[in-house]
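S.K.: Sharing a structure with you now.
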Amino acid sequence: MAYVTEQTRAALAAASPGWAGLRRRWLRFAGQLPVVPLAILVPFVLVAVFANAIAPFDPTDPIPGAKIFAPPFWAEGANPTARLGTDFQGRDVLSRLIFGARVSLIVGVMGTVVAGGIGTTLGILAGYLGGWVDQVIMRITDAWLALPALVFAIFLATMVGPSMWNIIVILGAVYWTRYARVIRGEVLSLREREFVKLSEIAGASSARVILRHVLPNVLNSAMVLASLTIGVVIIAEASLSFLGVGVPPPEPAWGSMLADGRSMLMVGDWWLTVFPGLCIMMVVLATQLLGDWLRIRLDPQLRNL
Amino acid sequence: MARFIIRRTLYALVTLLILSLTIFMVIRLTGDPVTLLAEPGAHAEDLDRIRAEWGLDRSWPVQYLTFAKNVFTGDLGKSFNYDMPVSTLYFQRLPNSLELALAATLISFLIGIPAGLISAVKVNSVWDNTGKVIALFGLAVPGFWLGLVMILVFSVWLGWLPTSGQGSWQHLIMPAVALGWYFAASLLRLTRSSMLEVLRSEYIKLARLKGLPGYVVIAVHAFKNALIPVLTLAGVNLVVMINAAVIIEVIFAWPGIGRLLYEGIFQRDFPLVQGVVMEAGIMIVVINLTIDILYAYIDPRIRLTR
């Protein structure tokens, strides 16, 4: 018995990429980072982190004595201190955009983490355990997929009530299905690989096989999916906030800023609509490009996703 | 074939069962539904009366069975605000949503399919790169923001198109573009990858070896087969567009299903929200089942593998 264990352990060390393999692969392309997406994303992240220091005004209070609907600084009738204009309460649009970046990025990242966590866990359980566990998980996935994600999110947000953390959980609960599907498929083929088989023969528990051998080998796919999910989640948050079931006012979110600006669109107050939308577009564009880059580096099989 | 249909139908029923159970549980886990039904600050006796009236005083399994029975007999409850059955409201709005969704599908075809085709035929050319940029912006630019910007440019500044409402093709064009935008990008990507795959296949090589002109190979032999997955996606997209065009319909004041859902949210009309969501789920499950069965009918391999 000991002999078998000895041999399988050696074979295992040679065959399983494991955590060390994952680390090697990550280090290998750290030297060739994508310039364009990072050039867009890094400033947004810095602005979001240091919003308190950067923003010229309080994002939720009107500028004392300022006119409402003042245009940006280059237009006639501008307020020189409110560089990108003011909104319907005389609040500084620039400061609201800056704090809005924080909301968008937190919801985008955390929503993706929640979705990825739920989906990856369920995908691994379904793929590795198989049988009725697989059946139950995949039927739930199918049912969840039957509803358009946004409609489902609107329904949940209406029932749960608006707050940033509720939105994160809701978007996580809506967008996990794709992870479950993809990861399950990968685990099904991993389960047939030698290093997993050997590890099972050597008597490793299911938990150990999953944590040591399955999880590190599906993390790349999960990362690729995550890079694709972030943009979707950011747009979904903006959509919910636009409809008034997302991040509640007076908290500045890009989606609710668009909703605030909508009524003034008819008289041509374009800055209330154009700036928040441009912010959403740039961030999502950057995450998409980052996702494409990751996909090519990490997993050529996922190129057609 | 019969076995395939039976199995798929059972799956669809299970899906609907889980879906209805999810909706049922969400409503009861996120708070007392009575508070959604009553005026704020209602007396305890009033709450009890409403609870009895809606059957909310019974046990959860009994409540669920009633709910499921109602759903399967087509009774999705009654909207407070309209004082009408939800399914009646849903089917009243359906033609409007269908009109918008068909127009959006047409636009996504006009952009997505030719661009995807050219990208695939001229891989890595300027055309392909233009296609990639379109696909990227299709995903990164939210359709509802595109709609707002179009209103600004074409209605407010240029005065060419009406800002909202329904009636003529001028009313239809902006919401259709805003809604079809995202789907154009996804059709573009699928057309490109599907076309590339077909172009690599043996029978295309044979057609080329026979000496057929390039455009005949592409138009007659390759495109026809590459179109199959594209049309399937378009079918699924159409159903999604009918049910999920919430923001676009709100922005353009389009009297469709999405706007009905929005009205339900704002008037705290929770039977309406629940009913519209359930109806959307049913419609999508039924359409998916139909597509699955049609596929199996056309392609016998599917019957055997699944």
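The values are calculated or read from the model by the stated rules, or taken from the named source; none is laboratory data. Being a predicted model, the structure only gives us computed values, none of them experimental. Here the Cβ is made from the backbone with ideal geometry for all residues, glycine too, and neighbour counts use every protein chain on show. Heavy atoms of the whole protein, side chains included, go into the accessibility calculation; ligands, DNA and RNA do not. Shrake-Rupley method; radii C 1.70, N 1.55, O 1.52, S 1.80 Å.
S.K.: Taking B:L261 as meeting all but one of (1) within 8 Å of chain A (Cβ to nearest Cβ); (2) closer than 21 Å to A:M266 by Cβ, write down the number of the exception.
M.R.: (2)
S.K.: Looking only at region A:222-235, which residues are aliphatic (A, V, I, L, M) and either open to solvent by less than 10 Å² (accessible area, probe 1.4 Å) or closer than 15 Å to A:C279 by Cβ (or both)? Walk me through how you get there before you give the answer.
M.R.: So in region A:222-235, the residues aliphatic (A, V, I, L, M) come out as A:222-226, A:228, A:230, A:232-235.
Hits for region A:222-235 are A:V224, A:L225, A:I230, A:V233, A:I234, A:I235.
S.K.: Still on this structure, I have one more. Among the residues of region A:125-179, write down those that are within 21 Å of the chain's Cα centre (by Cα) and either under 30 Å from A:S205 (Cβ atoms) or among the aromatic types (F, W, Y) (or both).
M.R.: Passing the criteria: A:T141, A:W144, A:F152, A:F155, A:W165, A:G172, A:A173, A:Y175, A:W176, A:T177, A:R178, A:Y179.
S.K.: Another question about this same structure. Pick from region B:209-228 the residues that are surrounded by 15 or more Cβ atoms within 10 Å (Cβ to Cβ) and either within 14 Å of chain A (Cβ to nearest Cβ) or not β-branched (V, I, T) (or both): which of them is farthest from B:A176 (Cα to Cα)?
M.R.: Pass one, region B:209-228, residues surrounded by 15 or more Cβ atoms within 10 Å (Cβ to Cβ): B:212, B:217-218, B:221-223, B:225-227.
Adding the requirement that they be either within 14 Å of chain A (Cβ to nearest Cβ) or not β-branched (V, I, T) (or both) leaves B:212, B:221-223, B:225-227.
On the way: B:L212: 39, B:H221: 32, B:A222: 29, B:F223: 26, B:N225: 28, B:A226: 25, B:L227: 22 Å.
My answer is B:L212.
S.K.: While we're here: Out of (1) open to solvent by 40 Å² or more (accessible area, probe 1.4 Å); (2) free of Cβ contacts under 8 Å to residues at least 24 places away in the same chain; (3) closer than 21 Å to B:A245 by Cα, the odd one out for A:L145 is which?
M.R.: Going through (1) open to solvent by 40 Å² or more (accessible area, probe 1.4 Å); (2) free of Cβ contacts under 8 Å to residues at least 24 places away in the same chain; (3) closer than 21 Å to B:A245 by Cα one by one, A:L145 breaks only (2).
S.K.: Just the residues that are among the basic types (K, R) and at pLDDT 85 or above, please, taken from region B:181-226.
M.R.: The answer is B:R189, B:R192.
S.K.: Among the candidates B:A176, B:A140, which residue alone is open to solvent by less than 30 Å² (accessible area, probe 1.4 Å) and away from every other protein chain (no Cβ under 12 Å)?
M.R.: Numbers: B:A140 fails: away from every other protein chain (no Cβ under 12 Å).
Step by step, each of B:A176, B:A140 is checked, and only B:A176 is open to solvent by less than 30 Å² (accessible area, probe 1.4 Å) and away from every other protein chain (no Cβ under 12 Å).
S.K.: With closer than 20 Å to A:A236 by Cα, within 11 Å of chain A (Cβ to nearest Cβ) and open to solvent by 30 Å² or more (accessible area, probe 1.4 Å) as the only criterion, which of B:V240, B:V250, B:V276, B:V246 stands out?
M.R.: Unique residue meeting the criteria: B:V240.
S.K.: What residue, among those in region A:236-247 that are part of a loop (DSSP other than H, G, I, E, B), more than 7 Å from chain B (Cβ to nearest Cβ) and within 20 Å of the chain's Cα centre (by Cα), is surrounded by the fewest Cβ atoms within 10 Å (Cβ to Cβ)?
M.R.: Looking only at region A:236-247, we keep the residues that are part of a loop (DSSP other than H, G, I, E, B), and these are A:244-247.
Okay, now just the ones that are also more than 7 Å from chain B (Cβ to nearest Cβ), so A:244, A:246-247.
If we keep only those that are within 20 Å of the chain's Cα centre (by Cα) too, we end up with A:246-247.
On the way: A:G246: 29, A:V247: 25.
The selected residue is A:V247.
S.K.: Counting just the residues of region B:75-89 that are small (G, A, S) and over 17 Å from B:A52 (Cα atoms), which one comes out nearest to the chain's Cα centre (by Cα)? Show your work before the answer.
M.R.: Narrowing region B:75-89 to residues small (G, A, S): B:77, B:79, B:87.
Restricting the remaining residues to those that are over 17 Å from B:A52 (Cα atoms) gives B:79, B:87.
Values: B:S79: 23, B:S87: 18 Å.
Restricting to residues being small (G, A, S) and over 17 Å from B:A52 (Cα atoms), the top hit is B:S87.
S.K.: Among (1) modelled with pLDDT under 75; (2) open to solvent by 50 Å² or more (accessible area, probe 1.4 Å), where does A:A82 come up short?
M.R.: (2)
S.K.: Which of the residues that make up region A:248-289 are buried (at least 21 other Cβ atoms within 10 Å of the Cβ) and of a type in the set (S, T, Y)?
M.R.: Result: A:S256, A:T273, A:T287.
S.K.: Would you confirm, using the coordinates I've provided, whether B:S164 is within 14 Å of chain A (Cβ to nearest Cβ), in contact (Cβ under 8 Å) with a residue 60 or more places away in the chain, surrounded by fewer than 19 Cβ atoms within 10 Å (Cβ to Cβ) and more than 18 Å from the chain's Cα centre (by Cα)? Full working, then the answer.
M.R.: Working: within 14 Å of chain A (Cβ to nearest Cβ): yes; in contact (Cβ under 8 Å) with a residue 60 or more places away in the chain: yes; surrounded by fewer than 19 Cβ atoms within 10 Å (Cβ to Cβ): yes; more than 18 Å from the chain's Cα centre (by Cα): yes.
Judged against the criteria, B:S164 is a match.
S.K.: Determine if region A:273-290 includes at least one residue that is more than 9 Å from chain B (Cβ to nearest Cβ), part of a helix (DSSP H, G or I) and either hydroxyl-bearing (S, T, Y) or at positive phi (or both).
M.R.: no
Let's see how each residue does on (1) over 19 Å from the mean Cα position of the chain (by Cα); (2) within 30 Å of A:V274 (Cα to Cα):
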{"position": "B:G55", "(1), (2)": "yes, no"}
{"position": "B:L65", "(1), (2)": "yes, no"}
{"position": "B:T73", "(1), (2)": "yes, no"}
{"position": "B:L94", "(1), (2)": "no, no"}
{"position": "B:G116", "(1), (2)": "yes, yes"}
{"position": "B:S119", "(1), (2)": "yes, no"}
{"position": "B:N129", "(1), (2)": "yes, yes"}
{"position": "B:F137", "(1), (2)": "yes, yes"}
{"position": "B:V141", "(1), (2)": "no, yes"}
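S.K.: Now a separate question. Considering every residue within region B:3-11, establish whether at least one is without any contact (Cβ under 8 Å) to a residue 60 or more places away in the chain and not in a helix (DSSP H, G or I).
M.R.: no
S.K.: Does A:M223 satisfy the criteria of being away from chain B (no Cβ under 14 Å) and either of a type outside the set (G, A, S) or under 30 Å from A:I183 (Cβ atoms) (or both)? Step through it out loud before you land on a result.
M.R.: Details: away from chain B (no Cβ under 14 Å): yes; either of a type outside the set (G, A, S) or under 30 Å from A:I183 (Cβ atoms) (or both): yes.
It is true that A:M223 is away from chain B (no Cβ under 14 Å) and either of a type outside the set (G, A, S) or under 30 Å from A:I183 (Cβ atoms) (or both).
Condition check ((1) closer than 28 Å to B:L190 by Cα; (2) open to solvent by 80 Å² or more (accessible area, probe 1.4 Å); (3) among the aliphatic types (A, V, I, L, M)) across all residues:
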| residue | (1), (2), (3) |
| --- | --- |
| B:A52 | no, no, yes |
| B:G55 | no, no, no |
| B:V71 | no, no, yes |
| B:S79 | no, no, no |
| B:G112 | yes, no, no |
| B:L117 | yes, no, yes |
| B:V121 | yes, no, yes |
| B:D128 | yes, no, no |
| B:K132 | yes, yes, no |
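S.K.: If we scan region B:86-103, do we find a residue that is surrounded by 13 or more Cβ atoms within 10 Å (Cβ to Cβ) and acidic (D, E)?
M.R.: yes
S.K.: Specify the residue that is most open to solvent (accessible area, probe 1.4 Å); the eligible residues are those in region A:148-166 that are closer than 15 Å to A:V247 by Cβ, more than 7 Å from every other protein chain (Cβ to nearest Cβ) and of a type outside the set (S, T, N, Q).
M.R.: Looking only at region A:148-166, we keep the residues that are closer than 15 Å to A:V247 by Cβ, and these are A:153-154, A:156-158, A:160-166.
Then drop every residue that is not more than 7 Å from every other protein chain (Cβ to nearest Cβ), which leaves A:153, A:157, A:161-166.
From the residues that got through so far, the ones that are of a type outside the set (S, T, N, Q) too are A:153, A:157, A:161-162, A:164-165.
Values: A:A153: 1, A:A157: 2, A:G161: 17, A:P162: 67, A:M164: 38, A:W165: 145 Å².
Filtering region A:148-166 for residues that are closer than 15 Å to A:V247 by Cβ, more than 7 Å from every other protein chain (Cβ to nearest Cβ) and of a type outside the set (S, T, N, Q), the one most open to solvent (accessible area, probe 1.4 Å) comes out as A:W165.
S.K.: Within region B:188-208, which residues are open to solvent by 90 Å² or more (accessible area, probe 1.4 Å) and under 22 Å from B:L106 (Cβ atoms)?
M.R.: B:R189
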